[in-house]
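> Right, I'll just put the structure down here and ask away after.
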Amino acid sequence: MHIRFTLNDAPLEIEAPPGMTLLRLLRERLNLTGTKPGCGEGECGACTVLIDGEPCSSCLTTVATIEGRSVITIEGLADGSALHPVQLAFVNEGAVQCGYCTPGMVLAAKALLDKNPDPTEQEIREGLSGNLCRCTGYGRIVAAVQRAARELRGPEAWDTEEVVP
């Protein structure tokens, strides 16, 4: 099947079997290995990508369903060597340990912040609920999303009492 879609803001045309998963296409054919295989059932979030801005499990998404759509992977967030504010917040808040869940978690956080630039802690937890982390703990991940939200809203969003040197 001939498939045309946008990958990380660049148009792409590729031949692939219609039943091939997007996860396999990304990792095996396009060498974008930031998207991680996990449970294979859409439960863990390790394979999360953004399709038209929405978090999706690439292990369940077939390539036939991405025709004409926009796919963003973790590799597509950074601007050259400059990390996206969500990526940088995960680093600065220590929200990365083994790193296996991080790409999916970061993409889910980005999608949440695109829709809701000032989420409550509960909204963050709900927005990340499809992504599991076994190492870092959700406290640091929530703090990273809160930090990214403040960064993305600009300097006026920072409460001087919350700023940690």
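> Collect the residues in the range 57-79 that are closer than 12 Å to Phe5 by Cβ, surrounded by 19 or more Cβ atoms within 10 Å (Cβ to Cβ) and touching a Pro at 6+ places or on another chain (Cβ under 7 Å), keeping them in residue-number order.
Within the range 57-79, Val63 is the sole residue that qualifies.
> Taking His2 and the conditions (1) surrounded by 15 or more Cβ atoms within 10 Å (Cβ to Cβ); (2) without any contact (Cβ under 8 Å) to a residue 24 or more places away in the chain, which numbered condition does it fall short on, given that it satisfies the others?
(1)
> Do the conditions hold for Leu132, that is, is it closer than 26 Å to Glu41 by Cβ and at pLDDT 95 or above?
On the way: closer than 26 Å to Glu41 by Cβ: yes; at pLDDT 95 or above: no.
Answer is no for this residue.
> Identify, please: which residue in the range 92-114 is in contact (Cβ under 8 Å) with a residue 60 or more places away in the chain and over 14 Å from Ala46 (Cα atoms) and is, among those, surrounded by the fewest Cβ atoms within 10 Å (Cβ to Cβ)?
Asp114
> When the residues of the range 8-37 are filtered to those that are in a loop (DSSP other than H, G, I, E, B) and free of Cβ contacts under 8 Å to residues at least 40 places away in the same chain, which remaining residue is surrounded by the fewest Cβ atoms within 10 Å (Cβ to Cβ)?
In this case the residue turns out to be Asn31.
> Only one of (1) touching a helix residue (DSSP H, G or I) at 6+ places or on another chain (Cβ under 7 Å); (2) in the same structural domain as Glu28 (by TED's automatic domain parsing) fails for Leu60. Which number is that?
Answer for Leu60: the failing condition is (1).
> What helices (runs of 4 or more DSSP H), lying completely within the range 61-145, carry at least 2 residues that are among the acidic types (Asp, Glu) and within 17 Å of the chain's Cα centre (by Cα)?
By residue number, 121-127.
> With respect to Glu54, determine if the residue is over 15 Å from Leu7 (Cα atoms) and surrounded by fewer than 18 Cβ atoms within 10 Å (Cβ to Cβ).
Taking the combined requirement at face value, the residue does not satisfy it.
> Just checking, which of Glu67, Glu126, Glu41 is in the same structural domain as Glu15 (by TED's automatic domain parsing) and either at pLDDT 95 or above or farther than 30 Å from Met20 by Cβ (or both)?
Glu67
The values are calculated or read from the model by the stated rules, or taken from the named source; none is laboratory data. Quick caveat: nothing in here was measured; it's all calculated off a predicted structure. All Cβ positions, glycine included, derive from the backbone under ideal geometry; neighbour counts span all protein chains shown.
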